Amino acid sequence: MTLLSLKGVSKNFGAIQALTGIDLEIQPGEAVGLMGDNGAGKSTLVKIIAGNFPQSGGSIEIEGRQVQFHKPIDARHAGIEVVYQDLALCDNLTAAANVFLGREIKRRIGPFSYLDHQAMYDRAGELFVELKSETRPRDYVRQMSGGQRQAVAIARTRLSDPKLVLMDEPTAAISVRQVAEVLDLIKRLKETNHAVILISHRMPDVFEVCDRVAVLRRGRKVADKAIAQSTPEEVTGLITGAIEAA
Ligand SMILES: Nc1ncnc2c1ncn2[C@@H]1O[C@H](COP(=O)(O)OP(=O)(O)OP(=O)(O)O)[C@@H](O)[C@H]1O
Ligand SMILES: [Mg+2]
């Protein structure tokens, strides 16, 4: 069954029309690259899917049921997790504390409730092993590389075993080796039947891990096709407008 279906989704911020009539379908276990120039509307679309703000028009269905998210927790309950463009991690906390931020494991002893640090270290450690990342649960995020930070942000999304992970530019600001690690993480998510929407300006990343590519230009979807049926040259043309649509 189709996991996510957007029908005619639009968004305006006052006079700015950020998105117009977006149709988009995502199947379970599928990775879709969302590409487009700066200001094309990619982050806006992801934020609507994640419940950060409502669409101005159109509808969203999850597994065939129409949903209206009022806040991010609504989307999370529907099985959608997000890795934001800025990662939203706390530098002064450990990897494990970041993974569990706002969802801490607590233990009750009589009337008292304690944070169960050991349980969180253990579970975070398992998640990093699953992701084949060398990140250690007790390390502080402030001393981590960009790739390790990504692993923390991605492990965080796995806590609730989501159906769909939205990633906004996960490889924009990291080294070549770390990019490879993040792409491996995305492949691992797919293997475990998680769907991924990957926003990226990096053509090689999209062609390596995505099954489909959707291109936005000035708030409109101008292409949506199988990676195998496109080329980086065609996608570049679609992004810039040299190619009208495909
Ligand atoms: N909160 C907001 N208030 C007003 N306008 C906004 C807001 N968020 C986005 N916009 C506008 O909506 C349009 C789409 O922006 P968006 O951030 O979705 O682009 P993007 O494709 O993610 O770009 P980038 O590649 O630079 O991240 C832009 O014109 C932007 O200025
Ligand atoms: Mg953006």
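Each reported figure results from applying straightforward, stated rules to the coordinates on display, with no laboratory input. What you see is a predicted model; the values in this text were computed from it and never measured. Note that we place each Cβ from the backbone using ideal geometry, even for glycine, and neighbour counts take in every protein chain shown.
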*Exclusive hit being in contact with a Ser or Thr (Cβ under 8 Å, 6 or more places away or on another chain) and part of a helix (DSSP H, G or I), set Gly147, Gly125*: Gly147
*Assess whether Leu45 counts as being under 15 Å from the mean Cα position of the chain (by Cα), of a type outside the set (Phe, Trp, Tyr), within 12 Å of ligand 1 (Cβ to nearest atom) and under 24 Å from Pro170 (Cα atoms).*
yes
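Among the residues in the range 194-211, are any small (Gly, Ala, Ser), free of Cβ contacts under 8 Å to residues at least 60 places away in the same chain and either away from ligand 1 (no atom under 16 Å from the Cβ) or under 23 Å from Val152 (Cβ atoms) (or both)?
No, the range 194-211 has no match at all.
So which residues in the range 4-17 are aliphatic (A, V, I, L, M) and surrounded by fewer than 21 Cβ atoms within 10 Å (Cβ to Cβ)? I'd like the intermediate steps shown before the answer.
Restricting attention to the range 4-17, the residues satisfying the condition of being aliphatic (A, V, I, L, M) are 4, 6, 9, 15-16.
Result: Ala15, Ile16.
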*For the range 40-67, how many residues are in contact (Cβ under 8 Å) with a residue 12 or more places away in the chain and either at positive phi or more than 16 Å from ligand 2 (Cβ to nearest atom) (or both)?*
13
*May I ask you to list the residues in the range 1-39 that are farther than 18 Å from Ala195 by Cα, in a strand (DSSP E or B) and either away from ligand 2 (no atom under 16 Å from the Cβ) or touching a His at 6+ places or on another chain (Cβ under 8 Å) (or both)?*
Lys7, Gly8, Val9, Ser10, Asn12, Gln17, Thr20, Gly21
_So Asp91 passes all but one of these: (1) surrounded by fewer than 21 Cβ atoms within 10 Å (Cβ to Cβ); (2) over 30 Å from Tyr121 (Cβ atoms). Which condition number does it fail?_
(2)
*With (1) of a type outside the set (Gly, Ala, Ser); (2) touching a helix residue (DSSP H, G or I) at 6+ places or on another chain (Cβ under 8 Å); (3) more than 30 Å from Glu234 (Cβ to Cβ); (4) without any contact (Cβ under 8 Å) to a residue 60 or more places away in the chain as the list, and Arg177 as the residue in question, which single condition is left unmet?*
(3)
_Evaluation of Lys132 against (1) exposed (fewer than 13 other Cβ atoms within 10 Å of the Cβ); (2) more than 21 Å from Leu189 (Cβ to Cβ) (one fails), failing number_ = (2)
